[in-house]
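The values are calculated or read from the model by the stated rules, or taken from the named source; none is laboratory data. This one's a predicted model, so the numbers in the text were calculated from it and none came from an experiment. Virtual Cβ from ideal backbone geometry, glycine too; neighbours counted across all protein chains shown.
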Amino acid sequence: MTLKTHAGSRLETSTAFIKDLLSDIQKGEIKIPQFQRKFVWKKEQALNLLDSISNNYPAGSLLLWRTQTKLAVERNIGDFKLPKTDDHSPTDYVLDGQQRITVIYSCLGAPPDEEGFAAGYDLDNQEFVEIEPDLDAKIFPMRSLFNTTKLLNFRTGLQTLANATIYQQRLDDLVEAFTSYRLPLVMLKDLSIDEVCPIFERINSSGTKLSVYDLLVAATWTPRFDLNDMSSEVATSLASKGFEGIDPSTVLKCLSAIHFDGLKRSQLLGLREVNEPEMQALVSKTKAALLRAVDLLSTEFRIHSWDFLPYEAVVVILCYVNSRLGQLNHEQLTRVRQWFWRAGFSERYRVGGESFVTKDLETVANFVETGGDPKQFGEPLSPDQIQKSGFRSNNSRSRAFILALAARKPRNLTNGAFIDTAEALSQFNKKQFHHIHPKAHLKKANCTLDENVLANICMLAAAENNAVSDADPKAYLPKALGRHGNAADDILYSNIMPSSSALDYTIASYADFVGARSKLIAMFIEKLCSGEAS
């Protein structure tokens, strides 16, 4: 292995022979952290990697972190179980490149008779193939490449074939290509987790983006504290409330918030030092507080899925407040509503990170407990802001708006039936949300105004949405309202839309409609932000 150390740096670049990497894996010196995603490459991707190596093409670098810190690790590389190793010597954890190193181990380092993906090289067609049960004599099993005895026996066996000399030369070329190939390595040495985290975020290039908290989740592991097991316990308790799939990192933050009154990295890592009795008590306390928090989310704000939570910070703060205050009285519930709606519409937690949320834990808890000025958490939206705010599923203001629509107990504009908001908000389904002035219609009418603003969105059952399609609202709305008779204005009210006497839907332009509805939406948001129960 060749090595280059940058002066004044603990980041080293090197190149490693494949055989040396396999040896380090087998000795347990290279490990896969538990947060890394499972092996997901398809057969074609694995065979293409082998082809790149055989042609001496770049195959990407591996990012390793050498440290005495012990992370929760996967004992397996792909489908292959590795032997136990001592925990005293430094370990090289794979932070990026798991899929490549799994292919290399499964095809070149795993025992020949071990189950799992195995590749061969077709000496006749000169291509890599997946090993089949009945192995053709011209297909060389790649797991034999670094086994001298098996390699020589296979090479000798080729002498019985018609093109023995050609096949032997091709095999020799193959062996030379793999034994001389060097994989680029980037090694982080003797860095703390705080130092590794920003590097990890920058360099990590896997297909599935990994959060820095994925790394911290693994780093909090000890033999007596496995966050995965603990978070599964918490998730199971929340499932009965319809909130499955809570992120383990969210559980970690709730634990840290309750125990340390904060969720900075140093506090998250400090959970490692909590003794077992304290940890058990903390888990129980956190679970109880989270259950009360999700009860509030579903009953007060009609949130039935994590997908509609404006920010992760909301559940962490709610968990902290419930842990500190217990059962909330009427006045405290009112103040929770004030904070929730103001924070959502003002996008309070869009920036600032964990330091800002840590500070807000105490601020929100004190406000809920004893009161104060709710304006500190943001102002309600103005009609002008509502006219200009775009509707996007991953935008916290849009999510708050969806929840506001649900709070009005909306009815379908077309048939008047009540909308099952629990179903509509169980997951984000674009078919449950409708442009009152359809985009295709506005385009056809050469409208230059933005059609995708909050003031043009309502909830509508998927079937009714399809029925409206791109119809002209000057036609489909008056027709529907006529069918509803005396209930027409009630249906409009449930969708925060002007009454038929306040706006003539047969002639109202898109600009007229958006302007009039924005004022009504602003008034309703003002009520929500004042703490009124929906």
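Give me the pairs: first residue in segment 460-484 and assigned to a loop (DSSP other than H, G, I, E, B), second residue among the aliphatic types (A, V, I, L, M), beta-carbon distance under 7 Å, and six or more apart or on different chains, which are they?
Close Cβ pairs (under 7 Å, with a partner that is among the aliphatic types (A, V, I, L, M)) amount to LEU460/LEU413; ALA461/ILE419; ASP470/ALA440.
When you go through ARG408, ARG399, ARG342 one by one, which is the residue that is surrounded by fewer than 21 Cβ atoms within 10 Å (Cβ to Cβ) and of a type outside the set (Gly, Ala, Ser)?
Within the list ARG408, ARG399, ARG342, the selection yields ARG408.
Of the residues that sit in segment 97-128 and are among the polar types (S, T, N, Q) and more than 35 Å from the chain's Cα centre (by Cα), which one is surrounded by the most Cβ atoms within 10 Å (Cβ to Cβ)?
Checked segment 97-128; the qualifying residue surrounded by the most Cβ atoms within 10 Å (Cβ to Cβ) is GLN126.
What helices (runs of 4 or more DSSP H) lie completely within segment 329-419 and have 2 or more residues being outside the structural domain of LEU296 (by TED's automatic domain parsing) and in contact (Cβ under 8 Å) with a residue 12 or more places away in the chain?
On the way: elements: 330-345, 353-370, 383-388, 396-407.
So the answer is 383-388, 396-407.
What is the residue count in segment 162-191 for residues that are in contact with a Leu (Cβ under 9 Å, 6 or more places away or on another chain) and not in a helix (DSSP H, G or I)?
Adding up the residues that qualify gives 9.
Can you find a residue in segment 275-295 that is touching a helix residue (DSSP H, G or I) at 6+ places or on another chain (Cβ under 7 Å) and not in a helix (DSSP H, G or I)?
Taking every residue of segment 275-295 in turn, none turns out to be touching a helix residue (DSSP H, G or I) at 6+ places or on another chain (Cβ under 7 Å) and not in a helix (DSSP H, G or I).
Do you know which residues across segment 132-150 are among the aliphatic types (A, V, I, L, M) and surrounded by fewer than 16 Cβ atoms within 10 Å (Cβ to Cβ)?
So the first thing to find is which residues in segment 132-150 are among the aliphatic types (A, V, I, L, M), and the list is 135, 137, 139, 142, 145.
Within segment 132-150, LEU135, ALA137 meet the criteria.
Given the criterion in the same structural domain as GLU195 (by TED's automatic domain parsing) and at pLDDT 90 or above, identify the matching residue among PHE17, PHE39, PHE80.
Numbers: PHE39 fails: at pLDDT 90 or above; PHE80 fails: at pLDDT 90 or above.
The conditions single out PHE17.
I need the full set of residues from segment 246-291 which are in contact with a Ser or Thr (Cβ under 9 Å, 6 or more places away or on another chain) and among the β-branched types (Val, Ile, Thr), in order please.
Passing the criteria: ILE246, THR250, VAL251, ILE258, THR286.
Count, please, the residues in segment 490-520 that happen to be closer than 20 Å to THR421 by Cα and out of contact with any Phe, Trp or Tyr (no Cβ under 8 Å at 6 or more places or on another chain).
Going residue by residue through segment 490-520, those that are closer than 20 Å to THR421 by Cα are 490-497.
Adding the requirement that they be out of contact with any Phe, Trp or Tyr (no Cβ under 8 Å at 6 or more places or on another chain) leaves 490-495, 497.
Within segment 490-520, residues that are closer than 20 Å to THR421 by Cα and out of contact with any Phe, Trp or Tyr (no Cβ under 8 Å at 6 or more places or on another chain) number 7.
Here's a check for you: in segment 234-267, which residue that is touching a Lys or Arg at 6+ places or on another chain (Cβ under 7 Å) and without any contact (Cβ under 8 Å) to a residue 60 or more places away in the chain is nearest to SER298 (Cα to Cα)?
So, considering only residues that are touching a Lys or Arg at 6+ places or on another chain (Cβ under 7 Å) and without any contact (Cβ under 8 Å) to a residue 60 or more places away in the chain, the one nearest to SER298 (Cα to Cα) is SER237.
Residues being in a helix (DSSP H, G or I) and either surrounded by fewer than 20 Cβ atoms within 10 Å (Cβ to Cβ) or in contact with a Pro (Cβ under 8 Å, 6 or more places away or on another chain) (or both): count how many of those fall in segment 489-507.
Qualifying residue count, segment 489-507: 5.
Return a yes/no flag: does segment 431-450 have any residue that is part of a strand (DSSP E or B), β-branched (Val, Ile, Thr), in the same structural domain as MET497 (by TED's automatic domain parsing) and modelled with pLDDT of 90 or more.
Taking every residue of segment 431-450 in turn, none turns out to be part of a strand (DSSP E or B), β-branched (Val, Ile, Thr), in the same structural domain as MET497 (by TED's automatic domain parsing) and modelled with pLDDT of 90 or more.
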